[in-house]
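The values are calculated or read from the model by the stated rules, or taken from the named source; none is laboratory data. The structure displayed is predicted, hence computed values, not measured ones. Using ideal geometry, Cβ is built from the backbone for each residue, glycine included, and neighbour counts are taken over all protein chains shown. In case anyone asks, the SASA skips ligands and DNA or RNA and just uses the protein heavy atoms, side chains included. Shrake-Rupley method; radii C 1.70, N 1.55, O 1.52, S 1.80 Å.
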Amino acid sequence: MGKYVIAGNWKMNKTPAEATALINEIKPLVADATCDVVVGVPFVDLPAALEAVKGSKIGVAAQNCHWEKSGAYTGEISAPMLKEMGVGYVILGHSERRTYFGDTDVTVQKRMRAALDNGLTVILCVGEYLEQREQGVTAEVVASQTKIALGGVAKEELANVIIAYEPVWAIGTGRTATAEQANEVCAQIRAVIAGLYDADAAKAVTIQYGGSMNAGNAAELLAQSDVDGGLIGGASLKAVDFAVIVNAAK
Ligand code: PGA
């Protein structure tokens with residue numbers, strides 16, 4: 001459906017020197033990738049990562065950005081700051097941000113606006129908690145997260161939005177959604193995009209699966225009709241595993 005994108009979410013891992021070393025390991029292994037490849041690194045690793053990816057097609061993502069350009073927001077980083085550095089992508093609305101740091105659908109929408117206004121491509125994370133899946137409200141939860149985050153986003157701007165379906169119960173737990181579960185919810189998200197915009201927009205948007213995707217299960221997940229890539233946590237910290245996933249995205 002959409003263009004395949006495999007993105008690593010390193011979370012709070014790797015120092016700048018370690019980031020350089022890992023990217024140098026990854027680079028030759030993904031040189032023949034037919035999908036887009038992105039590494040999402042901690043803020044302080046961005047200069048090292050941008051330097052290390054030179055001469056490759058690997059993109060660099062930050063893991064969040066604030067919605068204001070500047071101001072009294074101690075500890076925060078703005079979208080213009082990322083843009084000026086040459087960062088291409090930003091992960092927004094990750095469940096760890098929502099769970100531990102108070103991000104809400106509304107603040108995710110504001111961050112989305114700032115990121116798009118500054119020419120960043122957003123990887124928007126949505127996904128349900130286990131209790132929500134058990135209560136049968138997964139479709140409603142991801143639909144409302146998606147709709148609110150995309151509030152005010154024009155159809156043309158969708159070219160700079162990737163959606164990552166990440167069931168919270170599958171993140172870092174080793175408990176992957178089955179390929180059918182992943183595909184079902186990715187298709188539901190695509191239907192939400194069709195409703196908000198139109199069928200062309202729904203077809204073109206990249207929808208990733210994330211949550212314990214690894215070298216062993218990636219091929220099956222990525223073969224699903226509505227899964228256009230992956231957002232990879234743990235396995236993105238191992239060059240060989242990450243490369244297997246990238247090379248499975250055909
Ligand atoms: P995981 O993390 O692959 O370690 O489950 C995915 C994510 O949080 O993006």
| said: Looking at THR178 and the list (1) surrounded by 23 or more Cβ atoms within 10 Å (Cβ to Cβ); (2) of a type in the set (S, T, N, Q); (3) more than 13 Å from the ligand (Cβ to nearest atom), which single condition is not satisfied? | reply: (1)
| field | Residue identified as aliphatic (A, V, I, L, M), open to solvent by less than 60 Å² (accessible area, probe 1.4 Å), in contact with a Ser or Thr (Cβ under 9 Å, 6 or more places away or on another chain) and more than 16 Å from the ligand (Cβ to nearest atom) among ILE162, ILE193 | value | ILE193
| query | So which residues in the range 119-159 are of a type in the set (S, T, N, Q) and open to solvent by less than 40 Å² (accessible area, probe 1.4 Å)? | reply | THR121, THR138, GLN145, THR146
| query | Right, LYS203: open to solvent by 50 Å² or more (accessible area, probe 1.4 Å), over 23 Å from MET12 (Cβ atoms), more than 11 Å from the ligand (Cβ to nearest atom) and in contact with a Ser or Thr (Cβ under 9 Å, 6 or more places away or on another chain) or not? | reply | no
| remark: Scanning the range 218-250 for residues that are in a loop (DSSP other than H, G, I, E, B) and open to solvent by 30 Å² or more (accessible area, probe 1.4 Å) gives ALA223, GLN224, SER225, LYS238, LYS250
| Looking at (1) more than 18 Å from the chain's Cα centre (by Cα); (2) closer than 27 Å to ALA218 by Cα; (3) open to solvent by less than 70 Å² (accessible area, probe 1.4 Å), which is the one condition that is false for GLY71? | (2)
